[in-house]
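Colleague: Take this structure, written in structure tokens, and hold onto it; I'll ask about it next.
Read-outs throughout are calculated quantities, based only on the coordinates presented, and are distinct from any laboratory measurement. Predicted model only: the values in this text are computed from it and were never measured. With ideal geometry, Cβ positions are generated from the backbone for all residues, glycine too; neighbour counts draw on all protein chains shown.
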Amino acid sequence: MAHDASQPQQRLARVGKATTEKPAARWALIAISLLFLLLMLFLPLTAVFVEAFRKGLFAFIKALGDPETFSAIRLTLIVAGIAVPLNLVFGIAAAWAIAKFEFKGKAFLTTLIDLPFSVSPVISGLVFVLLFGSHSVLGPFLQSYGIKILFAVPGLVLATVFVTFPFVARELIPLMQEQGTADEEAALSLGASGWQTFWYVTLPNIKWGLLYGVLLCNARAMGEFGAVSVVSGHIRGQTNTMPLQVEILYNEYNFVAAFAVATLLALLALVTLVLKTLLEMRYSAEIAASRRH
Amino acid sequence: MEVRVEKLRKEFERFPALHHVSLDIRSGELIALLGPSGSGKTTLLRLIAGLEAPTEGKIFFGEQDASYKSVQERNIGFVFQHYALFRHMTVLENVSFGLKIRPAKRRPEAAEIKKRAFELLELVQLSGLEKRYPAQLSGGQRQRVALARAMAVEPNVLLLDEPFGALDAQVRKDLRKWLREIHDQTGHTTVFVTHDQEEALELADRIVVMSQGRIEQVGTPDEVYDNPNSPFVFGFIGQSNCLKVRISNHEVWFEDRPIGVPAPGEREGEALLYFRPHDIQILDGCGGCMAGVVASSRRVAGTRHVEVDVGSGHNPVEIELPPERAAGIDRSRIAFRPTKWKIFRP
């Protein structure tokens with residue numbers, strides 16, 4: 001009896017091992033990933049901070065206090081402050097339309113939302129130059145009314161909105177699809193208006209996913225370089241955002257100042273990462289199951 | 001409140017879900033929409049609620065035409081299959097939601113809302129759980145919160161979509177009895193959808209049997225069980241046997257012999273004989289009866305279900321016997337005759 005019982009167990013143990021690598025292979029894989037992360041992520045990040053503080057804390061603070069740098073920080077905050085709320089509204093609207101209605105061209109709209117991810121940011125910027133440049137139709141027309149799009153804040157906002165609009169929508173679509181429409185129907189059947197339903201039922205249901213999307217959207221909006229660079233015109237103290245300012249300072253061999261601004265962007269990235277991890281840990285069930293970012 | 005449905009038709013993108021359905025729901029009755037999946041029962045319920053718009057036809061609430069009223073204007077209470085409780089609100093907040101969101105002039109005072117919510121929670125036996133969130137409740141408790149929430153707005157009619165569908169068997173039975181009690185206490189006109197005939201038979205005042213977007217029969221549980229008006233209803237409600245027979249000389253013939261079942265007034269020719277497994281009589285000898293070999297038997301609760309092979313080309317017949325009569329009859333020959341039956345034409 002005992003012999004009979006032990007035999008299948010042995011066989012099971014052998015089968016169980018089939019999905020597990022040998023310890024050596026396991027350690028090798030872990031070591032490779034760690035080494036890669038160390039070389040490609042951790043070292044550069046450390047270098048940014050080391051370079052920024054090379055000439056001491058005082059030089060660092062002085063570099064950030066420079067009027068042009070200060071204006072770049074301000075501009076980045078303004079652009080993100082406009083672009084992120086716009087994409088929040090747009091993202092909710094698009095996700096609502098796709099997740100809760102049936103209409104023709106839905107698949108096409110879904111694909112279209114992903115477009116900014118597949119287009120090179122430089123092209124995204126060029127699109128706006130073509131639309132609003134001095135040789136376009138719209139540019140001179142708006143110019144005649146004193147409205148300046150290119151090489152001004154509106155252009156920066158447009159380019160940033162374009163590049164970052166998938167973040168909120170893509171976070172919300174799978175979430176809202178999964179939640180279905182029963183909650184909304186329940187609210188309506190109890191007499192709630194459309195707006196009340198959205199405010200008291202839909203929004204609380206998606207709030208963590210929404211926050212997650214906004215966080216990613218904001219990180220990208222503040223860090224965007226390519227598209228913004230094309231439409232900015234690089235006017236010092238006026239149309240330079242933080243990433244553009246880093247480039248200018250670096251090209252002028254002003255390393256301490258360049259890296260000082262870079263530390264701010266790096267800090268933003270770290271804070272985003274920490275918040276993102278916290279959100280995922282606490283509300284993973286309420287944030288979309290599929291992570292593609 | 002009375003609800004009247006007149007020649008209601010509904011198409012989903014050219015696919016017909018409901019064909020010219022008419023139905024009178026009496027004030028205060030508990031009525032079941034019973035049918036297999038795809039029979040249009042949920043569509044009918046959602047049309048009455050105003051969650052779907054009809055392609056054609058009218059819906060009356062009392063004397064008022066409600067066909068073009070929005071779901072909010074109809075003032076109904078809807079209990080969803082998976083309850084659709086607001087997960088970020090407590091039980092109390094869920095129940096008071098319908099009153100809280102009313103415009104100021106129709107909204108009771110906060111204290112009054114709270115009082116009403118507590119009364120309802122007591123009615124559904126959930127006192128003491130008002131601070132819990134839906135995730136902290138069992139399936140049966142969620143179901144009861146959903147019902148309390150729907151009743152809080154004092155609806156014209158209560159609509160329940162598969163109210164017990166997501167619960168396990170024992171809880172289902174308890175809740176069924178409990179729902180009947182609540183209905184008798186509150187007297188709301190109540191329509192519920194179910195695919196479980198046992199549930200409909202036990203709970204409803206009247207049953208609407210539906211199939212493929214049409215109403216097959218409307219009647220009390222006794223009527224639809226004892227006097228089904230179509231082969232579908234006979235087959236769908238309760239157990240049944242169907243045999244290919246022939247009518248000849250005002251008698252039912254099976255294969256080459258009459259089986260002792262009179263058919264006065266029936267037209268000659270091919271027919272289908274329907275009877276229930278328990279509506280039979282076992283005979284000793286056989287001079288004009290059905291006979292066959294017992295193929296298998298199994299014990300179901302208080303009776304034994306015996307499958308009898310009555311000949312090639314026919315479905316085996318299932319009959320119910322008291323266990324003591326069924327002892328040791330396997331593989332032996334058995335003679336019987338239906339005592340109650342219905343004849344339908346193929």
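Colleague: Return a whole-number percent for the relative contact order of region B:3-235, with Cα pairs under 8 Å and 6 or more residues apart as the contact set.
Modeller: The normalised contact order for region B:3-235 reaches 29 percent.
Colleague: In chain A, if the dipole is taken from +1 on Lys/Arg beta carbons and -1 on Asp/Glu beta carbons about the Cα centre, which of A:S33, A:T239, A:Y145 is farthest to the positive end?
Modeller: A:S33
Colleague: Run the dipole for region B:49-136 about the Cα centre, Lys and Arg Cβ at +1, Asp and Glu Cβ at -1, nothing else charged, and hand back the magnitude in debye, nearest 20.
Modeller: In total the dipole reaches around 400 debye.
Colleague: How big is the dipole moment of the protein assembly as shown about its Cα centre under a simple scheme where the beta carbon of each Lys and Arg is +1, that of each Asp and Glu is -1, and everything else is neutral? Debye, nearest 20, please.
Modeller: With Lys and Arg at +1 and Asp and Glu at -1, about 1760 debye.
Colleague: Here's something else I'd like to know. Hey, got a sec? Which trypsin sites (Lys or Arg not before Pro) in region B:305-345 land in a DSSP loop and have at most 16 other Cβ atoms within 10 Å?
Modeller: Hits after loop and neighbour filter: B:R325, B:R331, B:K340.
Colleague: Ranked highest first by average number of other Cβ atoms within 10 Å, how do B:243-249, A:254-260 line up?
Modeller: My ranking of the peptides, most packed first, is A:254-260, B:243-249.
Colleague: In deg cm²/dmol and to the nearest 500, what is the mean residue ellipticity at 222 nm of the protein assembly as shown if only DSSP H runs of at least 4 residues count, each as -39500 (n - 2.57), divided by the residue total?
Modeller: Dividing the helical sum by the residues of the protein assembly as shown leaves -15000 deg cm²/dmol.
Colleague: Taking the alpha carbon gyration tensor of region B:3-235, what are the square roots of 5 times its eigenvalues, largest first, to the nearest whole Å?
Modeller: They are 30, 21, 15 Å, listed from largest to smallest.
Colleague: Something else: With only alpha-carbon atoms in the gyration tensor, what are the semi-axes of the equivalent ellipsoid for region B:241-344, in Å, largest first?
Modeller: 25, 13, 12
Colleague: To make sure I understand the rule: partners must be aspartates and glutamates, Cα under 13 Å from the Cα of A:K148, and not fewer than 8 residues away in the same chain. Which ones qualify?
Modeller: Once the sequence-local aspartates and glutamates are set aside, nothing remains near A:K148.
Colleague: A further question follows. Report, in debye and to the nearest 20, how large the dipole of region B:156-265 comes out about its Cα centre when Lys and Arg carry +1 and Asp and Glu carry -1 on their Cβ.
Modeller: 240
Colleague: Here is a follow-up. With a 10 Å cut-off between alpha carbons and a GNM built on chain A, which of A:V129, A:V119, A:V228 moves the most?
Modeller: A:V119
Colleague: Here's something else I'd like to know. List, in the order given, every pair from B:K10/B:K41; A:K100/A:K207; B:K10/B:K173; B:K10/B:K58; B:K10/B:K69 whose Cα-Cα distance in the structure shown is over 22 Å.
Modeller: Over 22 Å Cα-Cα: B:K10/B:K173.
Colleague: Suppose a student asked you for the relative contact order of region A:55-286, using Cα pairs under 8 Å spaced at least 6 residues apart; what percent would you report?
Modeller: So the answer I get is 32 percent.
Colleague: How large are Rg and Dmax for region B:41-160 when only the alpha carbon atoms are used, in Å?
Modeller: 15.2, 47
Colleague: Size of region A:55-286 along its principal axes in angstrom, Cα-based, largest extent first?
Modeller: 64, 48, 29
Colleague: Any aspartates and glutamates with Cα under 18 Å of the B:K115 Cα? List them, leaving off those in the same chain fewer than 8 positions away.
Modeller: B:E93, B:E130, B:E154
Colleague: Now for a different question. Sorting check: for B:203-209, B:68-74, which peptide has the highest mean count of neighbouring beta carbons within 10 Å, and how do the rest follow?
Modeller: My ranking of the peptides, most packed first, is B:203-209, B:68-74.
Colleague: Consider all pairwise Cα distances in the protein assembly as shown and report the whole-number % of them above 45 Å.
Modeller: Here the tail beyond 45 Å accounts for 48 percent of pairs.
Colleague: Another question about this same structure. Springs between alpha-carbon atoms under 10 Å, Gaussian network over chain A: tell me which of A:A83, A:A95, A:A47 tops the mean-square fluctuations.
Modeller: Per the Cα network of chain A with a 10 Å cutoff, A:A47 tops the list.
Colleague: So how far, in whole Å, is the C-alpha centre of region A:76-144 from the one of region B:57-119?
Modeller: Here the two parts' Cα centres lie 40 Å apart.
Colleague: Specify the residue with the greatest mean-square fluctuation among A:R74, A:R282, A:R220, computed from a Gaussian network of chain A linking alpha-carbon atoms under 10 Å apart.
Modeller: With Cα springs under 10 Å in chain A, the top fluctuation among A:R74, A:R282, A:R220 is at A:R282.
Colleague: On to the next question. Give the peptides B:112-120, A:24-32 in descending order of average Cβ contacts within 10 Å, highest first.
Modeller: The densest-packed peptide leads the list: B:112-120, A:24-32.
Colleague: Which of B:V245, B:L273, B:H305 sits farthest toward the positive end of the charge dipole of region B:241-344, with +1 on the Cβ of Lys and Arg and -1 on the Cβ of Asp and Glu?
Modeller: My answer, from the dipole projection, is B:H305.
Colleague: Also: What does the structure give for B:70-76 when I average, per residue, the other chain Cβ atoms found within 10 Å of the residue Cβ?
Modeller: Per residue, the average neighbour count from other chains is 4.
Colleague: With viscosity set to 1.002 mPa s and temperature to 20 °C, compute the Stokes-Einstein D of region A:65-132, Rh being the Kirkwood radius across alpha carbon pairs; µm²/s, no decimals.
Modeller: Once the numbers are plugged in, D ends up at 144 µm²/s.
Colleague: Can you pull the mean other chain C-beta count within 10 Å for peptide B:46-57?
Modeller: Mean shielding by partner chains, rounded to a whole number: 1.
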